[in-house]
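> Below is one structure. I have some questions about it.
The values are calculated or read from the model by the stated rules, or taken from the named source; none is laboratory data. Keep in mind that what you see is a predicted model, and the values were worked out from it rather than measured. In this analysis, Cβ positions are derived from the backbone assuming ideal geometry, glycine residues included, and neighbour counts consider all displayed protein chains. Quick note on the areas: whole protein, heavy atoms, side chains included, nothing else; ligands and nucleic acids left out. Shrake-Rupley method; radii C 1.70, N 1.55, O 1.52, S 1.80 Å.
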2 protein chains.
Amino acid sequence: MTVSKTASAAAAKPSRAVRKEPAEGSVDDAALQLGELSELLGYSLKRAQLRVFEDFLRCVAPLQLTPAQFSVLLLLDRNPGRNQTEIASTLGILRPNFVAMLDGLESRDLCTRIRSTNDRRSHILMLTDKGRAVLARAKKLVATKHEARLNELLGPANRAALLDMLATIAREF
Amino acid sequence: MTVSKTASAAAAKPSRAVRKEPAEGSVDDAALQLGELSELLGYSLKRAQLRVFEDFLRCVAPLQLTPAQFSVLLLLDRNPGRNQTEIASTLGILRPNFVAMLDGLESRDLCTRIRSTNDRRSHILMLTDKGRAVLARAKKLVATKHEARLNELLGPANRAALLDMLATIAREF
DNA sequence: TGATAATTGTTATGCACTATACCGAATATC
DNA sequence: GATATTCGGTATAGTGCATAACAATTATCA
């Protein structure tokens, strides 16, 4: 597997006078130096994540879905017959916080809570027809606008490598 | 540049019956299917970011520094003589929110606000001696415990490639 | 069986982070 | 010199995230 360089390979050289040569008159208004910050994985990780979420919101704006809501719809589609605790926990959402989230989706008629007959404590979650339709449209927007842009920026091979490493971190770190 | 596989390369095969073969007695308690979620870059991005921040906090716990506070100290060290607006904006922090953050650091005697003589509106930010000492210890902890673990998990080459791609996204996406 | 423990969805609540509007003081602009 | 802009700061609201507690229901087990 090969990764083509997406940009200049890290720091090219130590390089003395990094400060942009002062434009006449300006005493000291060069760009700040990130220093070790650019080597901090967590820093780049967070900034990249914010950008990606921001773009996701833009791309799927016509459907008014947040990344979290989209992930819930995806999970409900792939895993019918599950209850709130199961869906919430696999997404890393705490049950108390999942209630309001489901209220929102249910009030928009995207999914339904159904009291289970086996265990009358739990609510089985199901996508409505509208929920399936919205999910389908969302998937298309995400694939053709959002992920396509990332593919264009990184290249398919790099994107796959990136995804693999992120999954590794999320799983084993 | 080469990326060695950190884990099984994405989805090996479509594979029919994905559901774990039901253990006797259990009706339906297999692990949920993530489905397209595992192909969503934003999803893995956020989960990885949460893990990395979590580990950062653990590693630097003896110094009681959050990732954001650490990034501020780093920036102050590399860019002496800057004011609050400059430091905050390069970190993506809004000025109003930066006030309380600086209050915290200043009350712990890690940095100081100094009224500028050139422009008496602005506060020049400086690390105190204690701030420099804490930063030095934090850097050591981050390098030897936090980043070292990531290096071990991914390998130096992969880690560099990951960092490069994240920086590319943060810069050009 | 019946008493006790555990689970499910839910409410209430608090903390951290983020975002906007606004203010007085100081400076810049023209 | 009048107006606009910038700086640090306050107030405030929204959101994400975490914990405790509760009623209803189910599981456990003496």
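> Just checking, which of A:Ala143, A:Ala136 is open to solvent by less than 70 Å² (accessible area, probe 1.4 Å), more than 17 Å from the chain's Cα centre (by Cα) and away from DNA strand D (no atom under 16 Å from the Cβ)?
Going through A:Ala143, A:Ala136 in turn, the sole match is A:Ala136.
> Taking only segment A:37-80 into account, find how many residues are more than 8 Å from chain B (Cβ to nearest Cβ), open to solvent by 50 Å² or more (accessible area, probe 1.4 Å) and part of a helix (DSSP H, G or I).
Looking only at that region, the number is 4.
> Oh, and also: Taking segment B:81-100 as the search range and keeping residues that are aliphatic (A, V, I, L, M) and within 12 Å of DNA strand C (Cβ to nearest atom), which one is most open to solvent (accessible area, probe 1.4 Å)?
Top of the filtered list is B:Leu94.
> Here is a further query. In segment A:101-120, which residues are of a type outside the set (Lys, Arg), more than 13 Å from DNA strand D (Cβ to nearest atom) and surrounded by 15 or more Cβ atoms within 10 Å (Cβ to Cβ)?
Selection gives A:Glu106, A:Leu110, A:Cys111, A:Thr112.
> Pairs needed: first member in segment A:161-173, more than 7 Å from chain B (Cβ to nearest Cβ); second member anywhere, not in a helix (DSSP H, G or I); C-beta distance under 9 Å; at least 6 residues apart or different chains.
A:Arg171/B:Ala7
> A:Asn158: farther than 23 Å from A:Asn83 by Cβ, within 11 Å of another protein chain (Cβ to nearest Cβ) and without any contact (Cβ under 8 Å) to a residue 40 or more places away in the chain, yes or no?
no
> Can I ask one more? Go through segment B:111-137 and count every residue that is more than 16 Å from DNA strand C (Cβ to nearest atom) and in contact (Cβ under 8 Å) with a residue 24 or more places away in the chain.
Counting residues in segment B:111-137 that are more than 16 Å from DNA strand C (Cβ to nearest atom) and in contact (Cβ under 8 Å) with a residue 24 or more places away in the chain gives 9.
> Oh, and also: Across segment A:149-173, what is the number of residues that are of a type in the set (Gly, Ala, Ser) and open to solvent by 40 Å² or more (accessible area, probe 1.4 Å)?
2
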